[in-house]
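Peer 1: Before we start, here is the structure in question, set down as structure tokens.
The values are calculated or read from the model by the stated rules, or taken from the named source; none is laboratory data. Note that the structure is a prediction, hence the values are computed from the model and not measured. When we count neighbours, we look across all protein chains shown, and the Cβ atoms used for this are built from the backbone with ideal geometry, even at glycine. For accessibility, only protein heavy atoms count, side chains too; no ligands or nucleic acids. Shrake-Rupley method; radii C 1.70, N 1.55, O 1.52, S 1.80 Å.
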Amino acid sequence: MTDVSVVIPVRNDSVHLRRCLAALNQQTVAPLEVIIVDNGCTDDSVAVARAHGARVVDEPVVGIPAAAATGYDAARGTVIGRLDADSVIPHDWVECIVRSLERRPQAVAVTGVGVFHDAPRGLRHLLPAIYLGSYYLLGAAAAGHHVLWGSSMAVRRDAWAQVSARVHRDDPELHDDMDLALVLGPAARIALVPSLTVGVSARSLR
């Protein structure tokens, strides 16, 4: 069975992180490891991570691109899963990654969709459909294939190893997930897997 390292970049988000890590500890298929990238936390995020058995690595350069890449570099699994601290995952999220990639041997990565769990009830599905739909549509036009969404995605470690020196780590305003999809190149096969649905905070709209 495929072994999955789960990477979560974190900067001062202990409340959301606690919930995410609790869900990872209750998966139908346990991850090989959970890696928390400490991106200059000044709250108790690191303590929360260690209390839940996660491995903590440091990335002093503030910004998700640097933090995510450092986590991917540290991963030991054959597949690198990626979540955000505020991702609210189902009990079979890791199992779904394994199953999705086993069924798609030519795919280098898979990505999911989201629901804004803290938005007004009538907008929880509508807003992410507009937001993610636009992101995926425009991203695919630029990349020549489906792109990645960092709140629920996974990439094969060997694919990451081939491009890790070419991703842009030093621009904190960059969408690191989009950047990775572009750097993987137009021939890369990235699959959208609706069953990789997670809840996320509507704060991402800001």
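Peer 1: Ignoring ligands, DNA and RNA, please state the percent of accessible area on the range 137-206 from carbon and sulfur, probe 1.4 Å.
Peer 2: Values: 1980 of 3540 Å².
Heavy-atom surface of the range 137-206 belonging to carbon and sulfur, 1.4 Å probe: 56 percent.
Peer 1: Figure the gain on full extension for Ala140 and His168 (residue separation times 0.36 nm, minus the Cα-Cα span) and round it to one decimal in nm. Don't skip to the answer; put the middle values down first.
Peer 2: Values: separation 28, 0.36 × 28 = 10.08 nm, distance 1.90 nm.
In short, 8.2 nm is gained.
Peer 1: Follow-up question, since we're still on this one. Quick check: convex hull over the Cα atoms of the range 31-83, volume per residue in Å³, rounded to an integer?
Peer 2: It comes to 75 Å³ per residue, whole-number rounded.
Peer 1: Identify which of the listed values of volume of the Cα convex hull per residue in Å³ was calculated from the structure shown: [x] 126; [y] 231; [z] 108.
Peer 2: [z]
Peer 1: Next up: Tell me which of Val147, Pro105, Ala188 sits at the most positive position along the dipole axis of the chain, charges placed on C-beta atoms (Lys, Arg +1; Asp, Glu -1).
Peer 2: Working it through, the farthest residue towards the positive pole turns out to be Pro105.
Peer 1: Anything in the chain that counts as a DSSP H helix reaching 27 Å or more along its axis (C-alpha) with Kyte-Doolittle mean of at least -1.0? List them, would you? Display every interim value, and only then the final one.
Peer 2: Working: long enough: none.
Both cut-offs are met by no helix.
Peer 1: Obtain the nm distance between the two label points defined at Thr78 and Ser195 by a simple spin-label model: each point lies 7 Å from its Cα along the Cα-to-C-beta direction.
Peer 2: 1.9 nm
Peer 1: Hey, another quick one. Which value, in debye to the nearest 20, gives the size of the charge dipole of the chain about its Cα centre, when Lys and Arg are +1 and Asp and Glu are -1 at the Cβ? It would help to have the intermediate numbers written out before the result.
Peer 2: Details: 19 positive and 22 negative charges, 119 e Å.
Roughly 560 debye, rounded to the nearest 20.
Peer 1: Still on this structure: I'd like the accessible area for Thr2: 1.4 Å probe, protein heavy atoms, all chains in place, Å² to the nearest 10.
Peer 2: 40 Å²
Peer 1: Accessible area per residue for the chain in Å², computed with a 1.4 Å probe and the full protein assembly in place, what is it?
Peer 2: Details: 9350 Å² over 206 residues.
Here the residues of the chain average 45 Å² of exposed surface.
Peer 1: Keeping all protein chains in the complex and leaving out DNA, RNA and ligands, what accessible area do you get for Trp149 with a 1.4 Å probe, in Å² to the nearest 10?
Peer 2: Surface accessible to solvent at Trp149 totals approximately 20 Å².
Peer 1: Calculate the FRET efficiency for Ala187 and Asp92 from the Cβ-Cβ distance with a Förster distance of 22 Å, rounded to the nearest 0.05. Walk me through the intermediate numbers first.
Peer 2: Details: r = 31 Å, r/R0 = 1.39.
Rounded to the nearest 0.05, the efficiency is 0.10.
Peer 1: Probe radius 1.4 Å, ligands and nucleic acids ignored: give me the carbon and sulfur share of the accessible area of the range 8-75 as a rounded percent.
Peer 2: With neighbouring chains kept in place, the figure for the range 8-75 is 53 percent.
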